[in-house]
Amino acid sequence: MYGLINVAIRDLVHSRFGEAQWEEIIAISGVDESAFIRMSPNDDAITYALVGAASEVLNLPASDVLQAFGEYWTEFTAVAGYGEMMDSAGETLPEFLENLDILHTRVGTMYPDLRPPSFSCENVTDCSLDLHYRSVREGLDDLVIGLLRGLGKRFGVSVEIEQMAAKGRESHHSVFHVQWR
């Protein structure tokens with residue numbers, strides 16, 4: 001993952017929990033914060049270590065940390081210089097979700113080592129769809145749930161998410177049923 005992800009995690013902890021909590025997370029994770037260069041690749045292990053340490057320090061399940069981060073990411077990227085690109089990906093939640101792979105392709109022109117997830121939509125109606133999520137990374141389904149909640153806020157709709165399948169033995173990817181109103 002790129003340093004931008006870890007910068008956003010730091011900003012989330014600073015804004016919601018304070019500097020002291022962040023310093024404890026850094027100490028427990030053993031991560032060198034100087035590696036957080038927005039446009040440089042970081043080893044995925046850094047991000048996983050930060051999430052694990054945040055879970056311990058904040059006394060929250062890792063799933064809650066990932067969901068909070070996913071929700072925060074939609075706000076963070078909009079103000080971190082990607083708002084116009086996000087705006088161009090769709091005027092509604094379903095339109096945006098259907099264009100996620102195109103958005104990631106555009107982002108990939110700035111981040112040549114980007115290994116983004118892939119998303120596709122099925123069973124699209126006026127108020128729901130099934131979102132298929134594929135990634136080379138493990139354990140980030142809760143991040144997707146947070147992203148969907150954050151996107152609901154971005155588009156001014158109330159979102160309900162039900163995970164229909166998880167990547168593992170029975171499925172090669174995860175599937176979320178997303179409803180909005």
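General observations
- Residue within region 75-85 that is part of a helix (DSSP H, G or I), closer than 22 Å to residue 138 by Cα, in contact (Cβ under 8 Å) with a residue 60 or more places away in the chain and not assigned by TED's automatic domain parsing to the domain that holds residue 18 present: no
- Test: residue in region 14-21 that is of a type in the set (S, T, N, Q), part of a helix (DSSP H, G or I) and closer than 20 Å to residue 111 by Cβ: no
- Some residue of region 35-44 being assigned to a helix (DSSP H, G or I), under 27 Å from residue 161 (Cβ atoms) and either at pLDDT 95 or above or out of contact with any Gly (no Cβ under 8 Å at 6 or more places or on another chain) (or both): yes
- Boolean, residue 38 is among the charged types (D, E, K, R) and under 18 Å from residue 116 (Cβ atoms): yes
- Close pairs (7 angstrom Cβ cut-off, 6 or more residues apart or separate chains): more than 17 Å from residue 143 (Cα to Cα) in region 154-181, crowded, with 18+ Cβ neighbours inside 10 Å and not hydrophobic (A, V, I, L, M, F, W, C) anywhere: 158/152; 180/152
- When 26, 9 are screened for being over 16 Å from the mean Cα position of the chain (by Cα), β-branched (Val, Ile, Thr) and in a helix (DSSP H, G or I), only 26 passes.
- Criterion applied to 93, 100, 148 was being touching a Gly at 6+ places or on another chain (Cβ under 7 Å), under 27 Å from residue 158 (Cβ atoms) and modelled with pLDDT of 90 or more, and the one residue passing it is 93.
- One residue from 158, 171 being within 27 Å of residue 43 (Cα to Cα), of a type in the set (S, T, N, Q) and over 17 Å from the mean Cα position of the chain (by Cα): 171
- Residue 28 vs. criteria closer than 22 Å to residue 138 by Cβ and either touching a Gly at 6+ places or on another chain (Cβ under 9 Å) or not assigned by TED's automatic domain parsing to the domain that holds residue 133 (or both): yes
- Matching residues in region 81-122 - criterion: being among the aliphatic types (A, V, I, L, M) and within 16 Å of the chain's Cα centre (by Cα): 86, 93, 97, 100, 103, 107, 114
- Residues of region 49-70 satisfying the condition of being more than 23 Å from residue 152 (Cα to Cα) and β-branched (Val, Ile, Thr): 51, 57
- Looking across 128, 88, 135, 118, one residue alone is surrounded by fewer than 18 Cβ atoms within 10 Å (Cβ to Cβ), among the hydroxyl-bearing types (Ser, Thr, Tyr) and closer than 25 Å to residue 51 by Cα. It is 118.
The values are calculated or read from the model by the stated rules, or taken from the named source; none is laboratory data. Since we're looking at a predicted model, the values are computed, not measured. No Cβ is skipped: glycine too gets one built from the backbone with ideal geometry, and neighbour counts run over all protein chains shown.
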